[in-house]
1. How large is the accessible surface per residue of the stretch 27-74, computed with a 1.4 Å probe and reported in Å² as a whole number?
2. Please work out how much accessible surface Tyr112 shows to a 1.4 Å probe, ignoring ligands, DNA and RNA, in Å² rounded to 10.
3. I need the shape label for the stretch 4-79. Rule: rounded when a/c is under 1.5, else prolate if a/b > b/c, else oblate, with a, b, c from the alpha carbon gyration tensor.
4. Kindly sort Asp75, Asp88, Asp27 by accessible area of their heavy atoms, largest first, with the probe set to 1.4 Å.
5. Quick one: pull the percent of accessible area on the stretch 1-107 belonging to carbon and sulfur, 1.4 Å probe, ligands and nucleic acids left out.
Amino acid sequence: TDPDWLNKRLPMLISALGRAYLAYCPDEERELILAVLRSSKAAGNAAARDTKYVSALLAGIRRQGYANTAPMRGDPAMGIAIPIMQGDKAAACITMRYLGSTMSEAQAVERYLAPMQRAASINSCSLTVMTEARTTRAYVGTAPMPTAIIALTSPGPSAAEMEMASRMLGMASSTSIS
């Protein structure tokens, strides 16, 4: 990576992480973020002023299920990113960076997208469990329940992945409903 890019923030419409978040965050939040980017004088945010470009970019990300880093002169690092969903909105994103000289985007997607999606699915379940635990504490005023029911749609994570998520959360057990 070019030393000029180390310890620097990449513009949201350039980084895979920023692009993925914008594609999957709630509409109101997206509009607020884009308004801030549009008003920015930073050259890296200029693309936010092109509403047709932004709409097409975000629709393409949603269609393919991941975002990629826009090529930047002097920076050989590329990335792919996907959202960790909580309901119908992005709660966070996972990104994987790689050197563009070592593999193409298609190779990175073929090799890493499915494992990233499994990790996002597990983390999404973890967020659901933690949200339910916080809700339980808020209404009951007690510690979270030692078990949790996690509702999933098929295909969802495997039983082993669910067990791992439960162990990570310190839960006694979990149940998957397909």
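The values are calculated or read from the model by the stated rules, or taken from the named source; none is laboratory data. Computed from a prediction, not measured in an experiment: that's the story for all the values here. Areas reflect the complete protein model, heavy atoms only, side chains present, ligands, DNA and RNA absent. Shrake-Rupley method; radii C 1.70, N 1.55, O 1.52, S 1.80 Å.
1. Details: 3090 Å² over 48 residues.
I get 64 Å² per residue for this part.
2. Rounded to the nearest 10, that gives 60 Å².
3. Working: a/c = 1.82, a/b = 1.22, b/c = 1.49.
Oblate is the answer for the stretch 4-79, as a/c is 1.5 or above yet b/c matches or exceeds a/b.
4. On the way: Asp75 10, Asp88 135, Asp27 105 Å².
Largest accessible area first, the list is Asp88, Asp27, Asp75.
5. Carbon-and-sulfur percentage of accessible area, whole number: 56.
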